[in-house]
Amino acid sequence: MNEIWNDDNGHGTHVAGIIAARNNSIGVLGVAPGAELYAVKVLDQYGGGRISDVIEGIEWAVQNEMDLVSMSFGTTEYSQALSDSSASAYNAGILLVASAGNNGDGNLSTNDVMYPAKLESVIAVSAIDQNNIAVPWNADGSEVELAAPGLGIYSTWLDGGYHSMSGTSMA
């Protein structure tokens, strides 16, 4: 886990705005504008990272008695340590939510949900468009428990700006 929480990628700032942007009459309004957010940076500026950093971030959330952990990233590789860490957080009363993934092949019989969303202790979220239709690049699988708008979502961006993005992270 990186001690420097500054968003040098933009993805975290965008997701944070979707969650908790406050009404400033010039930008966007998040779904929970009164929410208190804590930035726990576990990925580098390119969106890459180590599972050990993700686990450290989840452990930080447990130690600091967070209510919810939002994980807008994914990997195809299973990690028992990540599964154990997520289960520990869940058992501590923390709600874990993760993007299902943008790697779907459009075949509903193919399970392509990514980890950590694929873990039993995590709520997997997929994306829908403005007509409530699943976007074609959604990762599909029985683990998906929730779908929310994820196409052309306008939110906060680096340096006080605003930007539109699409993906299961936005959902």
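For the stretch 78-98, does any single residue satisfy the condition of being under 17 Å from the mean Cα position of the chain (by Cα) and under 15 Å from Ala171 (Cβ atoms)? Within the stretch 78-98 (the criterion being under 17 Å from the mean Cα position of the chain (by Cα) and under 15 Å from Ala171 (Cβ atoms)), the answer is yes, since at least one residue qualifies.
Filtered by the rule that a residue be out of contact with any Gly (no Cβ under 7 Å at 6 or more places or on another chain) and among the charged types (D, E, K, R), the stretch 123-171 gives Asp129, Glu143, Glu145, Asp159. Looking across Asp105, Asp67, Asp84, Asp112, one residue alone is touching a Gly at 6+ places or on another chain (Cβ under 7 Å) and of a type in the set (D, E, K, R). It is Asp112. With surrounded by 13 or more Cβ atoms within 10 Å (Cβ to Cβ) and under 21 Å from Gly10 (Cα atoms) as the only criterion, which of Ala139, Ala127 stands out? After applying the criteria, what remains is Ala127. When the stretch 156-171 is filtered for residues that are under 23 Å from Ile123 (Cα atoms) and surrounded by fewer than 22 Cβ atoms within 10 Å (Cβ to Cβ), the ones remaining, listed by number, are Met165, Ser166, Gly167. Before we move on, is Gln80 exposed (fewer than 13 other Cβ atoms within 10 Å of the Cβ), without any contact (Cβ under 8 Å) to a residue 12 or more places away in the chain, closer than 23 Å to Val144 by Cα and of a type outside the set (A, V, I, L, M, F, W, C)? Judged against the criteria, Gln80 is a match.
Conditions (1) surrounded by fewer than 17 Cβ atoms within 10 Å (Cβ to Cβ); (2) outside any helix (DSSP H, G or I); (3) touching a His at 6+ places or on another chain (Cβ under 6 Å); (4) at pLDDT below 90, marked per residue:
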| position | (1), (2), (3), (4) |
| --- | --- |
| Met1 | no, yes, no, yes |
| Thr13 | no, no, no, no |
| Gly17 | no, no, no, no |
| Ser25 | yes, yes, no, yes |
| Val54 | no, no, no, no |
| Asn102 | no, yes, no, no |
| Leu108 | yes, yes, no, yes |
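The values are calculated or read from the model by the stated rules, or taken from the named source; none is laboratory data. Not measured: the values here are computed from a predicted model. Virtual Cβ from ideal backbone geometry, glycine too; neighbours counted across all protein chains shown.
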